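Here the structure comes first, spelled out in structure tokens, and everything after it is commentary.
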Amino acid sequence: MLMNDFNFSNLFALVKSGQRSILAIDGLSRSGKTTLVGELSTLLEKENIEFTIFHIDDHIVKRSQRYNTGFEEWYEYFYLQWDVDGLRKNFFEKLLNSNHIELPFYDDKTDELDTRTIKLPKGGLIVIEGVFLQRKEWKDFYHNIIFLDCARNKRFARESEAAKLDLVKFEKRYWKAEEYYMNTFHPLKNADTVIRT
């Protein structure tokens, strides 16, 4: 399915019951997740559906915990970029039944974490957007999973010119971790909907 062909109305039917529903928008880097979330936000506002959006990249750890750790670069990116178990306990496990959650937000400029309290809607939709969302520690918390499927060459073309200069980093860190994710967790097969972007 192409992005333009996707119909959000099926999702709206799930959340209009007044229950809280959790949607994962999964996909590799530069696959169009932020664009889809923007479109979805506009439609949710028009439908008067309460929603909260979380970007998993807002909750990464400090650089010292994910660079120069002695592990291979792809491993650092996949396994150390986030406090995977901490997010499971303090975020994912609380999404359905808590009124609010406390989460660390990462500031790229200062390399510091700032804990904030986020109020959750009584009903409506909680959207989680990011990479590697179907890893085994997190995959069972979603009611619906959308995976954005985009070829590597198209995704790389969307990177900034400065980022493209460090091809070795893509090869050793990002692409190797992406291949591991695709081959180990099979997100294409396990998603409820796959959108080609």
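The values are calculated or read from the model by the stated rules, or taken from the named source; none is laboratory data. This structure is a prediction, so every number in the text was calculated from the model and none was measured. Ideal geometry is used to build each Cβ from the backbone, glycine not excepted, and the neighbour counts take in all protein chains shown.
Brief remarks follow.
- From the list Thr197, Thr193, Thr115, the lone residue that is more than 21 Å from Val37 (Cα to Cα) and among the β-branched types (Val, Ile, Thr) is Thr115.
- Lone qualifier among Asp83, Asp107, Asp111 - being surrounded by 15 or more Cβ atoms within 10 Å (Cβ to Cβ) and either at pLDDT 95 or above or touching a Pro at 6+ places or on another chain (Cβ under 8 Å) (or both): Asp83
- Options Phe156, Phe132; residue that is under 30 Å from Phe170 (Cβ atoms) and in contact with a helix residue (DSSP H, G or I) (Cβ under 6 Å, 6 or more places away or on another chain): Phe132
- Where a residue in the range 127-153 is within 15 Å of Thr52 (Cβ to Cβ) and at pLDDT 95 or above and its partner, wherever it lies, is assigned to a strand (DSSP E or B) and among the charged types (D, E, K, R), with Cβ under 8 Å and at least six apart: Gly130/Asp26
- Pairs where the first residue, in the range 85-100, is over 13 Å from Ser21 (Cα atoms) and the second is at pLDDT 95 or above and in a helix (DSSP H, G or I), C-beta under 6 Å, 6+ apart: none
- Restricting the range 6-54 to residues that are part of a strand (DSSP E or B) and of a type in the set (D, E, K, R), the residue that is nearest to the chain's Cα centre (by Cα): Asp26
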